[in-house]
Structure formats: structure tokens, C-alpha cells
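Okay, so here's the structure we're looking at.
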Amino acid sequence: MRSDKVRNMIVCAMFAALTAVLAQIEVPLPIVPISGQTLAVGLTATIIGSRLGAVAMVLYACMGAIGLPVFAEAKGGIQILVGPTGGYIFGFIVTAFVTGWVLEKTKFTLPWALVANTIGMIITLTMGAVQLKYVLDMTWTQALASGVTPFIVVGLMKAFLASWLGVTVRHRLVQAKLLPNQSKNNQSPAA
């Protein structure tokens, strides 16, 4: 039992670190850059599920909150969380939980992972746009135009990539008995 807790702590730390690394891959845009953070969130939830995925994202947010340069553009600090882009980071926690939960209640297959990751993308973009609106005192139209619309196409591409890679990696880790099978319906990624 204790070894499971230690393993879970290590897994969460690894996925928080993966998110920090992928956050540094970015395409700059005027208000909100496109980064690899959301890809990491989708991979995390698809591979390790709802509970551990959400914990990994809480850990990621906490690492940034104390000043570690883990957010996009190697930024850190509480000011990022309460600033214009903080809603996206808070959204990562909800996204990881919901994405993993959908997969746990259905199947860890590519089609279901794509559904789950698309729902996750919508959650992240919605939470990001809400905070963007209030922090920058924007109208809803402005917040959606700058915080959602530019990210839809690339978000769908990242959702597909997270789904495909995540299901493949997860399936191999389950086969190797490094991860438990959390799905209600045990299916291979091709199903």
C-alpha cells in the first residue's frame, strides 16, 4: 500500500515536470501564447487518469505559484495565476480530472480519448477566457476573440496528438503492469 502511494507521488511529479518542460515550447501571440502545456495536460489525463492527472496539475500550478519558472516563457509566481492567463492554468486541473474521468467511465481508446481531450480543450479555453475577460476588463466578444478563437484549430490538433500518444503509451504501461487498468471496459487502443 505504501509503495503504491510513493509510486503515485512519483508519477504525479513526473507529469508535472513534463508539463513544465512542454510549457517552454511555444508560439508567441499578442495576448496568450500557444504552448505545449495543453498537450501535456491531455497526455497526463489520458495516461494516468482523473485523480492522479488532477493532482499532477495541482502540483504544476503550485510549483509555478512559488516562483519556479514552469509556466510558459519560463515564468513563475503567483502573479501569473492571478493575471490574464491564470484561468488557463486553473483550467488544467479541471481539464485533467474531467478528461481522465470520461476515459475511466468509457474506454481508453483513440475515439474516446479524442472525445475526452476535446471536452478538456473546451474546459481549458472557457476557464481561460473567463479570467482573461475579468482581469483585462474585456467584453465577452473580446475575450472569446483573443482567448478562444485563435486556439481552436491548434487545440483540436493537440487533442488528437494527446489522444493518440496517450492511449498508446497508457496501453503499453498497462500491459507492462506499470499502471492499473482503470477503464470500465478493458479495450486495446485499436478498439
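If the condition is being out of contact with any Cys (no Cβ under 8 Å at 6 or more places or on another chain), surrounded by fewer than 24 Cβ atoms within 10 Å (Cβ to Cβ) and in a helix (DSSP H, G or I), then segment 41-71 contributes SER50, ARG51, VAL58, ALA61, CYS62, MET63, ALA65.
Taking into account only those residues within segment 76-97 that are aliphatic (A, V, I, L, M) and under 10 Å from the mean Cα position of the chain (by Cα), which is farthest from MET138 (Cα to Cα)? So that I can check it myself, show each step before the final result.
Of segment 76-97, the ones aliphatic (A, V, I, L, M) are 78, 80-82, 89, 93-94, 96.
Next, only the ones that are under 10 Å from the mean Cα position of the chain (by Cα) stay: 89, 93-94, 96.
Values: ILE89: 19, ILE93: 24, VAL94: 24, ALA96: 27 Å.
The selected residue is ALA96.
When ALA162 is tested against (1) buried (at least 18 other Cβ atoms within 10 Å of the Cβ); (2) at pLDDT below 95, just one condition goes unmet, and that condition is (2). Every listed requirement among (1) at pLDDT 95 or above; (2) more than 23 Å from GLU26 (Cα to Cα); (3) not aliphatic (A, V, I, L, M) is met by LYS184 save one, (1).
Scanning segment 66-75 for residues that are of a type in the set (A, V, I, L, M) and either at positive phi or within 18 Å of the chain's Cα centre (by Cα) (or both), we see that the one that is modelled with the lowest pLDDT is ALA72. Selection of segment 117-168 for residues being free of Cβ contacts under 8 Å to residues at least 24 places away in the same chain and more than 18 Å from the chain's Cα centre (by Cα) yields LYS133, TYR134, ASP137, MET138, THR139, TRP140, THR141, GLN142, ALA143, LEU144, ALA145, THR149. Just one of the numbered conditions (1) buried (at least 19 other Cβ atoms within 10 Å of the Cβ); (2) farther than 20 Å from LEU156 by Cβ; (3) modelled with pLDDT of 95 or more is not true of ALA17: (1).
The residues of segment 20-40 that are at pLDDT 90 or above, surrounded by 15 or more Cβ atoms within 10 Å (Cβ to Cβ) and not in a helix (DSSP H, G or I), listed by number, are ALA23, GLN24, GLY36. Selection within segment 77-101: residues that are among the small types (Gly, Ala, Ser) and farther than 22 Å from TYR134 by Cβ. The member of this set that is surrounded by the fewest Cβ atoms within 10 Å (Cβ to Cβ) is GLY100. Please count how many residues of segment 102-158 are crowded, with 18+ Cβ neighbours inside 10 Å, of a type in the set (Val, Ile, Thr) and outside any helix (DSSP H, G or I). Going through segment 102-158 one residue at a time, the tally reaches 2.
The values are calculated or read from the model by the stated rules, or taken from the named source; none is laboratory data. Remember, predicted model here, so these are calculated numbers, not experimental data. Neighbour counts run over all protein chains shown; Cβ positions are idealised from the backbone, glycine included.
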